[in-house]
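Below is one structure, written out as structure tokens; comments come after it.
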Ligand SMILES: Cc1cc2nc3c(=O)[nH]c(=O)nc-3n(C[C@H](O)[C@H](O)[C@H](O)COP(=O)(O)OP(=O)(O)OC[C@H]3O[C@@H](n4cnc5c(N)ncnc54)[C@H](O)[C@@H]3O)c2cc1C
């Protein structure tokens, strides 16, 4: 198979990129599962937007503070500055954000935001955005969508990418030759026992990058979400109780039904407090009380959370629900520049798979959909600028030995192990450095 641009992943980042490529280019989007099984469909809380200039400093500061000031300041500035344009784009694609009575956009707030600056659609904002992006992509005759098609490897020579080896829906292996390849493979939650992510998101782009010497960044920066619905079934994808509920007044209680933390602190701080409390109390969860949220607000803003809790035996209108932290988001990833270019030529990375430093050590709630779209757009602009000078290498593609990928199960287990190891090594190095710095400061 041959295409001009190969996009690996059909979440919001991959789809937005496909929509921003010119119609005279053949674009192929592949996805490991069906088109609706991406984390982008799961986003509940919303997407940030700079409301007006008066909020710029606070928005910038909230993002930096949540990221422990390890964020790339230029990336943060770009994300905030481009937010209004991206939202206007989404509205033009038919995305329906909540409105005030006068027709203006309605904003909500989440943990660690000092202002209301989050746009939402009930508690299914990600589904609203991504399904509209998908609908617009389906209208493009230059875009081919391939479900159940998995990237197994990149085709590369002398640090230049010429496409990918893929595992097709019918079980066959094939090559897809492309002038440019965009990694948009999402997060790493599938590597964890408890995660809010889809199970098939296992950091494949990271593993393949490790195999080819493509630079990665901050691979140990993994965000744990403080509040997911507690279930005894460890195989279930953890259901997220959005931070917006705490933004709207929900409280956290220990086993004695007493508060133990300021619920509006950044999520890593709240997570640590919950885990410490569970250990102290010897419990598997803490309690979240949604009753302080006015009933009307609870039902109009969080209908899916209410329905899920009721299906699982708890009525949040009248009682507390059990919640526990779970892996949620990956701040690290394939290292990219401000135009989403990786360290390999003709290869970009966007969305949760990429690390441009926007989130620093910890992501501020509702910044990731925005970051994914802003930097997907930048990747396409850069790609088009360089399109004419990109090289092709049909001989290399034709000579790929597909037999070496036949034992797909062992190959993907090896991939998972590579990523796990990279994360724990980075963790170990950071602990060593912290120790060295602490010893240095004692001298
Ligand atoms: C429960 C939940 C709630 C969230 N709420 C919010 C929120 O309110 N606001 C916010 O800003 N963010 C939120 N997030 C985070 C946000 O949804 C994600 O960061 C964002 O959607 C990532 O988009 P993406 O396009 O990078 O990846 P995804 O949407 O995860 O898409 C990844 C794609 O890559 C494909 N893929 C993976 N590996 C391969 C492979 N080897 N070959 C082919 N295809 C592959 C997958 O099949 C999928 O199509 C939430 C996340 C979760 C899990």
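Residues are listed down the side, and each one gets a yes or a no for (1) outside the structural domain of residue 71 (by TED's automatic domain parsing); (2) touching a residue at least 24 places away in the same chain (Cβ under 8 Å):
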{"site": "200", "(1), (2)": "no, yes"}
{"site": "205", "(1), (2)": "no, yes"}
{"site": "209", "(1), (2)": "no, yes"}
{"site": "212", "(1), (2)": "no, yes"}
{"site": "215", "(1), (2)": "no, yes"}
{"site": "235", "(1), (2)": "yes, no"}
{"site": "238", "(1), (2)": "yes, yes"}
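Condition check ((1) closer than 22 Å to residue 155 by Cβ; (2) in contact (Cβ under 8 Å) with a residue 24 or more places away in the chain; (3) in contact with a strand residue (DSSP E or B) (Cβ under 8 Å, 6 or more places away or on another chain)) across all residues:
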| position | (1), (2), (3) |
| --- | --- |
| 338 | no, yes, no |
| 350 | yes, yes, yes |
| 353 | yes, yes, yes |
| 365 | no, yes, yes |
| 393 | yes, yes, yes |
| 404 | yes, no, no |
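Tell me, which strands (runs of 3 or more DSSP E) wholly within region 62-174 include 2 or more residues that are under 17 Å from residue 19 (Cβ atoms) and in contact with a strand residue (DSSP E or B) (Cβ under 6 Å, 6 or more places away or on another chain)? Because the criterion is at least 2 residues that are under 17 Å from residue 19 (Cβ atoms) and in contact with a strand residue (DSSP E or B) (Cβ under 6 Å, 6 or more places away or on another chain), the strands (runs of 3 or more DSSP E) in region 62-174 that meet it are 143-146. Quick one: would you say residue 26 is assigned by TED's automatic domain parsing to the domain that holds residue 154 and within 16 Å of the ligand (Cβ to nearest atom)? Considered against the rule, which asks whether it is assigned by TED's automatic domain parsing to the domain that holds residue 154 and within 16 Å of the ligand (Cβ to nearest atom), residue 26 comes out as no.
One residue is enough: does region 55-76 have a residue meeting the conditions assigned by TED's automatic domain parsing to the domain that holds residue 173 and near the ligand (Cβ under 8 Å from one of its atoms)? No, region 55-76 contains no residue that is assigned by TED's automatic domain parsing to the domain that holds residue 173 and near the ligand (Cβ under 8 Å from one of its atoms). Looking across region 175-189, the residues that are within 15 Å of the ligand (Cβ to nearest atom) and either closer than 24 Å to residue 21 by Cα or surrounded by fewer than 24 Cβ atoms within 10 Å (Cβ to Cβ) (or both) come down to 175, 176, 178, 181, 182, 183, 184, 185, 186, 187.
Report yes if residue 207 is over 21 Å from the mean Cα position of the chain (by Cα) and within 14 Å of the ligand (Cβ to nearest atom), otherwise no. Quick ask: steps written out before the conclusion?
Working: over 21 Å from the mean Cα position of the chain (by Cα): no; within 14 Å of the ligand (Cβ to nearest atom): yes.
It is false that residue 207 is over 21 Å from the mean Cα position of the chain (by Cα) and within 14 Å of the ligand (Cβ to nearest atom).
Listed here are the helices (runs of 4 or more DSSP H) enclosed by region 328-443 that have at least 1 residues being not assigned by TED's automatic domain parsing to the domain that holds residue 65: 408-442.
Among the conditions (1) more than 19 Å from the chain's Cα centre (by Cα); (2) buried (at least 21 other Cβ atoms within 10 Å of the Cβ); (3) touching a residue at least 60 places away in the same chain (Cβ under 8 Å), residue 44 misses just one, which is (1). Among (1) without any contact (Cβ under 8 Å) to a residue 12 or more places away in the chain; (2) within 16 Å of the ligand (Cβ to nearest atom), where does residue 93 come up short? It is condition (1) that residue 93 fails. Restricting attention to region 191-204, and to residues there that are within 9 Å of the ligand (Cβ to nearest atom) and either over 16 Å from the mean Cα position of the chain (by Cα) or not in a loop (DSSP other than H, G, I, E, B) (or both), which single residue is modelled with the highest pLDDT? That would be 204.
The values are calculated or read from the model by the stated rules, or taken from the named source; none is laboratory data. Every value quoted in this text rests on a predicted model; they were computed, and no experiment measured them. Note that we place each Cβ from the backbone using ideal geometry, even for glycine, and neighbour counts take in every protein chain shown.
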